[in-house]
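A short reminder: the numbers here are calculations on the coordinates, not readings from a lab. As the structure is a computational prediction, the values presented were derived from the model and not from experiment. Heads up, the Cβs are rebuilt from the backbone with ideal geometry, glycines too, and the neighbour counts pull from every protein chain shown.
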2 protein chains.
Amino acid sequence: MTYRAPVKDMLFVMKELAGIDAVAQLPGFDDAGYETAQAVLEESAKLNEGVVAPLNVDGDVQPSWFKDGEVTATPGFKEAFQQYTQGGWQGLHHPTDFGGQGLPKLIHAACQEMVNAANLSFALCPLLTDGAIEALLTAGTDEQKSTYLPKLIDGTWTGTMNLTEPQAGSDLSMVRSRAEPLPDGTYKIFGTKIFITWGEHDMAENIVHLVLARVTGAPEGVKGISLFIVPKFLLNSDGSIGARNDVHCVSIEHKMGIKASPTAVLQYGDNGGAIGYLVGEENRGLEYMFVMMNAARFGVGVQGLAVADRAYQRAVAYARDRVQSRPVDGSMKTAAPIIHHPDVRRMLMTMRAYTEGCRAMALVGAAAYDAAHHHPDAQARAENQAVYEFLVPLIKGYSTEMSLEVTSLGVQVHGGMGFIEETGAAQHYRDAKILTIYEGTTAIQANDLVGRKTSRDGGRVAKAMAAQIEATEGELLQQGSDAARAMAQRLAAARRAFLDVVDFVVSESKSNPNAVFAGSVNYLMLAGNLVAGWQMGRALLAAQVRLAADDDTEFMKAKIVTARFYADHILSKVPGLRDSIVEGAAGVTEMALEAF
Amino acid sequence: MTYRAPVKDMLFVMKELAGIDAVAQLPGFDDAGYETAQAVLEESAKLNEGVVAPLNVDGDVQPSWFKDGEVTATPGFKEAFQQYTQGGWQGLHHPTDFGGQGLPKLIHAACQEMVNAANLSFALCPLLTDGAIEALLTAGTDEQKSTYLPKLIDGTWTGTMNLTEPQAGSDLSMVRSRAEPLPDGTYKIFGTKIFITWGEHDMAENIVHLVLARVTGAPEGVKGISLFIVPKFLLNSDGSIGARNDVHCVSIEHKMGIKASPTAVLQYGDNGGAIGYLVGEENRGLEYMFVMMNAARFGVGVQGLAVADRAYQRAVAYARDRVQSRPVDGSMKTAAPIIHHPDVRRMLMTMRAYTEGCRAMALVGAAAYDAAHHHPDAQARAENQAVYEFLVPLIKGYSTEMSLEVTSLGVQVHGGMGFIEETGAAQHYRDAKILTIYEGTTAIQANDLVGRKTSRDGGRVAKAMAAQIEATEGELLQQGSDAARAMAQRLAAARRAFLDVVDFVVSESKSNPNAVFAGSVNYLMLAGNLVAGWQMGRALLAAQVRLAADDDTEFMKAKIVTARFYADHILSKVPGLRDSIVEGAAGVTEMALEAF
């Protein structure tokens, strides 16, 4: 089963929904229009289809391997990573000053989907390196930037994020790793970090760990956490690789999925202290880490839609091939490929509609990020930033939750064969389950949506989005096709439900936090469902226009049917979610603790 | 983590919802009332908690093992199986004539939940043996019964169901295995069967395969399939174990879950033909197999709620233990066990409410089965049989689909630890995925619900159930507590949605089968949700009565909260499903085949 990158759908979304023409007008993105996107996506497709995707099963069967403090990646990964970085993919959206290509996040996000669809485990290495790059760009000194960024961007080195400790997972206030200041301005780092993705491996010359720790005497809680660079190998004064730093991998985890991606336990300072370099100011580490985390959360959302698309493609291939039973409508007198059966189609359409909706939401979010960072007008930057920040928990939370349903359907389409590991469908199901957990569980995303993104501004951004959705409903009604009317009706019901929930969240957050947080994940699912559905509504409108112009009619017809499916089968869940949130808190909060 | 059998909830359901007192009035069940149930359940709990449950992880880490045609079960399984069968558990509900205990299915179903919650892989062996026993009871000759049943019931031998072939999965019309009649009335069997659960192992002296095959010259399709007994070892005339029959295990599958349960490829007749004995009449094999399958489908539904309960118990234990973050309501000044956080409670309540609802539905179904087989009045038998048959696809389909969501939430509650295999949550997630597939996928259950169970009688049974639900709504309104009114409102909305769908299914099945089957799985999910929710509504009423009488108040309060949660968070999904079914067919059926 070969992965086929959905270049056509990506370009459609970029052009019709995410506004790549407008992105190309932004200062610094002059050459980053549709044609560039097309050329870049086709190159990316070639590499990921041909080199990265074929290693996906290998990584599952022969995971990275720990021995004596060292981790050996799955055979083939190191060479593929060299091709990936030498092709410039690590630096695609990073600044040209440090060797990057300086392309918009919009284009990068599409390429990011491809490498993740090809191989989630592999793609985690560049994803974490991106996080380290973002943090250094935000808070690093000029010297730190010039020392680390070129090597991270060209793939000579990779990066990691070291947050979690055994007692500090979602709750980073409990971080205990410590940093002792040395007279030369560096620090000695001590502590244990767990769940460090690609925390040790043999694919790069050096690994740049970005580590949260407390400086001696720092305040308790989140306000006493600082961020440090702790390279695996120290650097000589000429920048060449020097002595081994005192950070060591003591084990890697035995996981249900993404087995090729080593999840390391790192021990800092067992032999006198690991040398660390402060990033930015002391005690502001969490703030900088959030920069990495927001990039990473967007990336994990893209992982969700990526694995969903891979599962979809595999299921379609099987459904075309597997012959079983006659169609229920009597249209064939012999057993048919199962793709003829309505329930198999329902499953495939569910997989497809979720994936396309989430892809559109992610790319629209990426375009907002580009405008937030590159728009000449400060007001426009601020507005786009607010939209982007509202979308990040939806992209992360909704796209990954839907990936669980989609990869489960992927197994289901295969019937009994889906449960047999050699078929490959099961790997996607196992791999996907981490996505709703790492970089902040769905509940953590939902807390962010409720707190920072909805309550804090009194629902302003949420309501502005609802107004835009209402405008789309008007356009759909005006367009008037059956599909457009169905979409308008579902969007309207979902938007009204959303507004009820926003009012509930805004009015009750302070006075009745347990009730609000009892519904927070449902709110996230409702909002993600609506926003992705809104993009499908906009896609439907664009497809109707291009269909009328006889432009790629088969693609446009499929887009319209998919949008309609989204409306009737996915958006239709939204009113029920509203009821659970607004009327359902008692069932969550009233159980006596001992009664569980 | 120890499994604790939910004896109290089982007894509550038996008494208040499934009517064990009425079951004990049925001829043949004189001693099978509440007290017996209590004693039996407590014994069952002891065995499953103490002996079977501790082997669950062992079976995952050290699956059954194939070598040279023989399969060795996970260490400890053979001894546990001896304890299980010597305790009389295999024969619990089978006739006393053949060494069984002759207890009602109602009591058996509760014990069946326990052994499955303890260890799905282990429990499959008795589950398949049950199927073989049922088939022989239905269609075996007296000689076949006296030869095989005592040994199957006392666990000296085990049974299997041999349906699937590489080209014949859901579509049994494509079975190609063949049976050549011999002059002595026996047959020579040839062919390949796949996915044969416990098809080869070392836990019993002999394995009695029940095999579908075509007699030479039989008609094409399902009407030419016969059922045969093919023992692994032939029997000498004195009934002792004789020569090895020509059926051999050539491999076992490498599966995502239930790894301790060997899934065999069996080769029949490679050395001249396996000796087989016809069961019942030629060409009526599928009919007999459906007897086995209905028992097995009910059993798989019970597996769904069993694994859900095990996942729930594990998640509760973790949530009580894991300390992380302060409660959002400011009620504690330090980090708290995560069970204090509203979203963790929402997840636990979801797991609990689904499990309790499905347990109640299954036990109510079991009681209907008992009345269908033991009621002195023919009319009452027929009515109960119709109810039982309506419920089987819901018990199988809905309980297993919900188990996917519940086991996923089980991982989610554990956060990153859930993805680490050693924690144990991941095993339930992997194990559960087979449940929506084997013994008929959810789509096959839905076809059954649409065709045999709804269209065929013009929705009579469905509508009669809706009328009973409406009566429960009336009682709830009369009871008048907040929880009862919330339940009444959700039940009413769900019942109206159900009736819309039943009308749609009945009126469109012939004229527009694609539209009906596009919504068949959603119909199954809707109906399962409603019927389980109805049981939760009845449970709420019973709990209110007992609460008023100061009877076990903590349990009754918890039941009421759980029922309310079910109403507001699960029943609330039903109206959206109605929309998808009645208004959503176009999105499923209009996609061009090439466009997928």
Furthest towards positive pole of dipole, B:ALA425, B:SER44, B:ILE469, structure part the protein assembly as shown, Cβ charges: B:ILE469
Can you give me the relative contact order of region A:444-587 as a percent, contacts being Cα pairs under 8 Å and 6 or more apart? 33
So what's the gap between the Cα centers of region A:97-120 and region B:14-30, to the nearest angstrom? 65
Determine, from the Cβ-Cβ distance of A:ALA39 and B:SER511 and an R0 of 45 Å, the FRET efficiency 1/(1 + (r/R0)^6), rounded to the nearest 0.05. 0.30
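Using only atoms on other chains, find how many Cβ atoms lie within 10 Å of each Cβ of peptide B:166-176 and report the average.
3
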To make sure I understand the rule: partners must be lysines, Cα under 16 Å from the Cα of B:LYS232, and not fewer than 8 residues away in the same chain. Which ones qualify? B:LYS151, B:LYS188, B:LYS193
GluC sites (Glu not before Pro) within region A:185-238, DSSP loop, no more than 14 other Cβ atoms inside 10 Å: A:GLU205, A:GLU220
Under 5 Å, built H, 5+ apart or other chain: amide partners of A:SER226: A:ALA213, A:ARG214, A:VAL215, A:ASN283, A:GLY285
Report ³J(HN,Hα) in whole Hz for each residue of region A:141-157, in order, from the Karplus equation J = 6.51 cos²θ - 1.76 cosθ + 1.60 where θ = phi - 60°; Gly and Pro get x. 6, 4, 5, 4, 4, 6, 6, 9, 4, x, 6, 5, 6, 8, x, 5, 10
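For region B:498-596, with only Lys/Arg (+1) and Asp/Glu (-1) charged at the beta-carbon, what is the dipole magnitude about the Cα centre, in debye rounded to 20? Spell out each step's value before the answer.
Working: 8 positive and 12 negative charges, 61 e Å.
Dipole of region B:498-596, to the nearest 20 debye: 300 debye.
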At 25 °C and 0.890 mPa s, what whole-number value in µm²/s does Stokes-Einstein give for the translational diffusion of the protein assembly as shown, with Rh from the Kirkwood sum over Cα pairs? 79
Between region A:514-537 and region A:158-193, what is the C-alpha centre distance in whole Å? 34
With only alpha-carbon atoms counted, please give the Rg and Dmax of region A:395-507, in Å. 18.7, 52
Top positive-direction residue, dipole computed over chain A with Cβ charges, set A:SER170, A:THR96, A:HIS374: A:SER170
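Taking the beta-carbon count within 10 Å as an exposure proxy, list B:SER509, A:SER507 from fewest neighbours to most.
On the way: B:SER509 19, A:SER507 14.
So the ranking, lowest neighbour count to highest, is A:SER507, B:SER509.
Please give the average number of partner chain Cβ atoms lying within 10 Å of the Cβ of each residue in A:324-331, rounded to a whole number.
Details: counts 7, 8, 2, 3, 10, 6, 1, 2.
Mean partner shielding for this stretch: 5.
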On average, how many beta carbons from a partner chain sit within 10 Å of the beta carbon of a residue in A:433-446? 4
Dividing the mean separation of Cα pairs under 8 Å (6+ apart) by the residue count of region B:51-140 yields a relative contact order in percent of 26
A correct Karplus calculation of ³J(HN,Hα) over region A:526-536, with 6.51 cos²θ - 1.76 cosθ + 1.60, θ = phi - 60°, whole Hz and x for Gly and Pro, returns 5, 5, x, 4, 5, 5, 5, x, 4, 4, 5
Approximate spin-label separation B:GLN82-A:HIS254, in nm, with each point projected 7 Å along Cα-to-Cβ: 2.8
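In whole percent, what relative contact order does chain B give with Cα contacts below 8 Å and a gap of six or more residues?
Numbers: 1122 pairs, mean separation 75.9, N = 596.
Computed value for chain B: 13 percent relative contact order.
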Starting from the Kirkwood radius over alpha-carbon pairs of chain A, derive D by Stokes-Einstein at 4 °C in a medium of 1.567 mPa s and give it in µm² s⁻¹. 52
Listed residues A:GLN535, A:SER509, A:LEU577: farthest to the positive end of the dipole of region A:477-596 (Cβ charges): A:GLN535
Measure off 7 Å from each Cα along the Cα-to-Cβ vector at B:GLU281 and B:ALA243, then give the distance between these two points in nanometres to one decimal. 3.3
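Starting with the highest mean, order A:381-390, B:331-340, A:408-417 by the number of other Cβ atoms within 10 Å, averaged over the residues of each peptide.
Numbers: A:381-390: 18.3, B:331-340: 16.0, A:408-417: 25.0.
Averaged packing, sorted descending, gives the order A:408-417, A:381-390, B:331-340.
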Zone of A:ALA378 (label point 7 Å along Cα→Cβ, backbone N under 19 Å): which residues in region A:23-61? A:27
With just the Cα atoms defining each centre, how far is region A:280-313 from region A:238-261? Give it in Å. 20
Would you please give the residues with an amide H less than 5 Å from that of B:ASP202, counting only those at least 5 places away or on a separate chain, with H modeled from the backbone geometry? B:ALA73
Hand me the tally of lysine pairs in region B:289-587: alpha carbons under 24 angstrom apart, and the pair either on different chains or 8 or more positions apart. 12
Would you grab the residues whose amide H sits under 5 Å from the one on A:GLY159? Only those 5+ places off in sequence or on another chain, please, with H modelled 1.01 Å from N. A:THR129, A:VAL208
Only Lys, Arg, Asp and Glu count, each charged at its Cβ (+1, +1, -1, -1), so figure out the dipole size of the protein assembly as shown about its Cα centre, rounded to 20 debye. 1180
Could you give each residue of region A:182-192 its phi-based ³J(HN,Hα) in whole Hz, using Karplus coefficients 6.51, -1.76, 1.60 with θ = phi - 60°, and x for Gly or Pro? 10, x, 7, x, 8, 9, 9, 9, 9, x, 10
Take the Cβ-Cβ distance between B:VAL7 and B:ASN271 as r, set R0 to 56 Å, and report the resulting FRET efficiency rounded to the nearest 0.05. 0.65
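Using +1 on the beta carbon of Lys and Arg, -1 on that of Asp and Glu, and nothing else charged, what's the dipole of region B:289-587 about the Cα centre, debye to 20? Present the calculation step by step, with values, prior to reporting the outcome.
Working: 32 positive and 31 negative charges, 67 e Å.
Charge dipole, region B:289-587, about its Cα centre: 320 debye, nearest 20.
Out of all DSSP beta bridges in region A:158-283, what portion is antiparallel? Express it as a percent rounded to 5.
Details: 29 of 36 bridges.
Counting DSSP beta bridges with both partners in region A:158-283, the antiparallel share is about 80 percent.
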Antiparallel %, DSSP beta bridges [both residues in the protein assembly as shown], to 5: 80
